[in-house]
Amino acid sequence: MNNIEQSDLLFPHITTLPKDYESLFPPRGLPTGAKVTRLGPSPTGFIHLGNLYVAFVNERLAHQSGGLFYLRIEDTDQKREVEGAIDAIISSLNYFGVVFDEGATVDEEIGKYGPYYQSRRAHIYQCYVKELIRRGLAYPCFCTEEELETIREEQEAKKENPGYYGSWAKCRNLSSEEVQKRIEAGKPFVIRLRSHGDLKRTFQINDGIRGLLTMPENNQDVILLKQNGIPTYHFAHVVDDHLMGTTHVVRGEEWLSSLPIHVALFETMGWPMPTYCHTTVLMKMEGETKRKLSKRKDPELSLDYYQSQGYHPVAVREYLMTILNSNYEEWRAANPENPISDFPFSTDKMSSSGTLFDLDKLNDISKEVLARLEDEELYRFLLEWAESYRRNLVSLFLEQKETMLHILSMDRHGEKPRKDLIYCSQIFEFISYFFDDYYKVQDDYPAEVDYNDLKPILTRYLSTFDPTDDRTQWFTKIRELSTQLGYAAKPKDYKKNPDLYKGHVGHVSTVIRIALMGRASSPDLWEIQQIMGELKTRDRITKAIGLL
């Protein structure tokens, strides 16, 4: 039995030839220099910051060059697939503004180069595997798990490199008769590459981020097709990237060790390779040292963290670009109003060592982004977040929209707008005291105010309170109240002569602030009362007096 007969015996149902698929998926015909990139997540239930980081690189490379960016779902490992994971992947990427030109969507597939789910492309992979067998470049392997374990144990005892290669590849040189006998007996098999590599030889490849790499050749007879007829990632992505016209593959550095396998596969297939771009891992500071972000330890690695907390997607994009390209912050400072798409992104400016992720810096950028939003836009963003993550707040936001807009406008439109709003859950916590159901006392009254003065301060304030007072009239009354009770009218007077006063006007106003809001710091107290209105203001202070 020759190779052609063996291929027909192994894959009698495959009648399509590689040339048929080459015709079905012709070159894309894009302009010179246009890049075709893809994102290929696996639906295993956890889409993380690293996926988004890589997605932005792919999107910028494609769209900046006038090329194309597509989504391919790499679902060949069906044992680990999590129900609903694909919808979660697509919705999360959509939330952060990752726009695909073609590929998988929640309801359908868009584009002429699909299917974009690898699980639906089994016939394509099997066609190419059949061709490799016809050419003597692949073979069936019938080794059981027990036999493979024995090989591993022998290699370990002899201190040999682990794997299935050379003399350790027990099925590599089976006779045609033996192969036929096992197939006809119904023995399960995988298909392996017949490697011609040698670890003593090296090859060089230009990585789009790391530059020229020198690596040993692949000598492993890696599995191309599993027993169920589904390919391994190694083989599937090579076939798909060729047929879909991928020019650049951006992926994490954990794939560097697999690069020799992928180079060998492209060479075996006789196809030009895409440019591989291996990003670095995301790190964080822990004390004085850096460590890799961990699924187990760091909730901020999950994209759901940013969505559930309510980070604005623009803020996340802005921050990620600062760690993607070292010159982005300088460009942003010079172009504060330009869209991020105007930035000339380059893989040359990406780090080839660990990339440090700093949540505090993201928060600072988020403050800047939210400060630039119009009140109505910020309100809509809060409402959308509540609809997804805090359903109990939706009716409150809808029923009190005008109040919400007044609250969100506080101190945001002057020459020095406030920049203390970071993400939705923090914003609501920050403004929750306006709503009776969420009001709670968080801070103690100031230590500088004698306990016996608390009730007189609040009682006198209530007796003089007039909601028609302007800011100056209102504060003048607080100063008068302060001096009547032995507190300095100005903080500087107290600082100069602390023995002459119990405290100063700031301490007195803090007493009023805590009675109204339950916290010692807040935006402008006069404006807060204007929003609350007279009835709520009087009610809060009256209740505070009753608790003293």
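The values are calculated or read from the model by the stated rules, or taken from the named source; none is laboratory data. The model shown is predicted, which means the values in this text are computed figures rather than measured ones. Glycine gets a Cβ as well: all are built from the backbone with ideal geometry, and neighbour counts include every protein chain shown. Each accessible area value is taken on the protein alone, full model and side chains, heavy atoms only, with ligands, DNA and RNA left out. Shrake-Rupley method; radii C 1.70, N 1.55, O 1.52, S 1.80 Å.
What are the residues in the range 417-463 that are aliphatic (A, V, I, L, M), buried (at least 16 other Cβ atoms within 10 Å of the Cβ) and not in a helix (DSSP H, G or I), if any? Within the range 417-463, L421, I422, V449 qualify. For the range 464-477, residues that are open to solvent by less than 60 Å² (accessible area, probe 1.4 Å) and under 15 Å from G506 (Cα atoms) total 1. Do we have any residue at all in the range 1-10 that's modelled with pLDDT under 90 and either assigned to a loop (DSSP other than H, G, I, E, B) or touching a helix residue (DSSP H, G or I) at 6+ places or on another chain (Cβ under 9 Å) (or both)? The answer is yes; a qualifying residue exists. Taking helices (runs of 4 or more DSSP H) as the structural unit, those lying wholly within the range 475-548 and holding at least 1 residues that are free of Cβ contacts under 8 Å to residues at least 12 places away in the same chain correspond to 491-496, 525-546. If you go through the range 310-335 and keep only what is open to solvent by 70 Å² or more (accessible area, probe 1.4 Å) and either within 30 Å of Y379 (Cβ to Cβ) or of a type outside the set (A, V, I, L, M, F, W, C) (or both), you end up with S326, E329, E330, A333. Summed over the range 474-502, the residues that are under 14 Å from P456 (Cα atoms) and β-branched (V, I, T) give a count of 2. Remark: pairs (first residue in the range 170-188, under 18 Å from F11 (Cβ atoms); second residue of a type in the set (A, V, I, L, M) and open to solvent by less than 100 Å² (accessible area, probe 1.4 Å); Cβ separation under 6 Å; 6+ apart in sequence or on different chains) = S176/M1; Q180/M1; I183/L9.
Just checking, which of L213, L174, L259 is under 28 Å from M283 (Cα atoms), buried (at least 16 other Cβ atoms within 10 Å of the Cβ) and out of contact with any helix residue (DSSP H, G or I) (no Cβ under 7 Å at 6 or more places or on another chain)? Break it down into steps so the answer makes sense when it comes.
Numbers: L213 fails: buried (at least 16 other Cβ atoms within 10 Å of the Cβ); L174 fails: under 28 Å from M283 (Cα atoms).
On inspection, the qualifying residue turns out to be L259.
Among the residues of the range 385-421, those identified as out of contact with any Asp or Glu (no Cβ under 8 Å at 6 or more places or on another chain) and either in contact (Cβ under 8 Å) with a residue 60 or more places away in the chain or basic (K, R) (or both) are W385, S388, Y389, R390, R391, K401, T403, H406, I407, K416. Reported count of residues in the range 76-104, each being open to solvent by less than 40 Å² (accessible area, probe 1.4 Å) and either among the aliphatic types (A, V, I, L, M) or out of contact with any strand residue (DSSP E or B) (no Cβ under 8 Å at 6 or more places or on another chain) (or both), is 10.
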